[in-house]
Amino acid sequence: GLHIYQDRKVIASGFTVQGCRARQGGAISVGSAHFNELRLQNNSAHMGGCVHSDGDLVVDGPVHMMHCLGSVMGGGLAVSGRLEFQNGSFEGCQAPSGAAFSAEGQVTVAHIDIVGASLGA
């Protein structure tokens, strides 16, 4: 997957990541980021099966996370900061804590589908 850390916010759009494994963020590991038009599937990590963000994460879709596994927390994604997630889906994601997502900061979600997510990775 991708591991991107820099002083500025990362903007990611229009790509697919599948079948990746990492310690944090199976598909993508970032500081703060803004995502749209992503398809992330069959990725795994301890924290954030598809995505791990150490800062704030803004998702204004469509972003689809499918069959991602967080062995500790955040099957789809794990965010240390603020999460704004609009227009996307979590399908078949798994984690012992937060099968779809885990966030430590303020959370705002709208127009998302969570299908077949389960606890207990």
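The values are calculated or read from the model by the stated rules, or taken from the named source; none is laboratory data. Being a predicted model, the structure only gives us computed values, none of them experimental. Because the Cβ atoms are built from the backbone with ideal geometry, glycine has one as well, and the counts that use them run over all protein chains shown. Accessible surface areas use protein heavy atoms only, side chains included; no ligands, DNA or RNA. Shrake-Rupley method; radii C 1.70, N 1.55, O 1.52, S 1.80 Å.
Overview of values
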| read-out | value |
| --- | --- |
| Residues (over 17 Å from THR108 (Cβ atoms) and either free of Cβ contacts under 8 Å to residues at least 12 places away in the same chain or charged (D, E, K, R) (or both)) located in segment 25-81 | GLU37, ARG39, ASP54 |
| Residue match in segment 7-20 (condition: modelled with pLDDT of 95 or more and loosely packed, with under 15 Cβ neighbours inside 10 Å) | yes |
| Count - residues of segment 104-120 that are assigned to a strand (DSSP E or B) and either over 20 Å from MET73 (Cβ atoms) or at pLDDT below 90 (or both) | 5 |
| Residues of segment 25-36 classified as in contact with a Phe, Trp or Tyr (Cβ under 8 Å, 6 or more places away or on another chain) and surrounded by fewer than 20 Cβ atoms within 10 Å (Cβ to Cβ), total | 1 |
| Selection count, segment 37-47, where residues are open to solvent by 40 Å² or more (accessible area, probe 1.4 Å), under 16 Å from GLY61 (Cα atoms) and of a type in the set (A, V, I, L, M) | 0 |
| Per-region count, segment 69-111, residues aliphatic (A, V, I, L, M), within 13 Å of the chain's Cα centre (by Cα) and surrounded by fewer than 24 Cβ atoms within 10 Å (Cβ to Cβ) | 4 |
| SER89 assigned to a strand (DSSP E or B), out of contact with any Phe, Trp or Tyr (no Cβ under 7 Å at 6 or more places or on another chain) and of a type in the set (Gly, Ala, Ser) | yes |
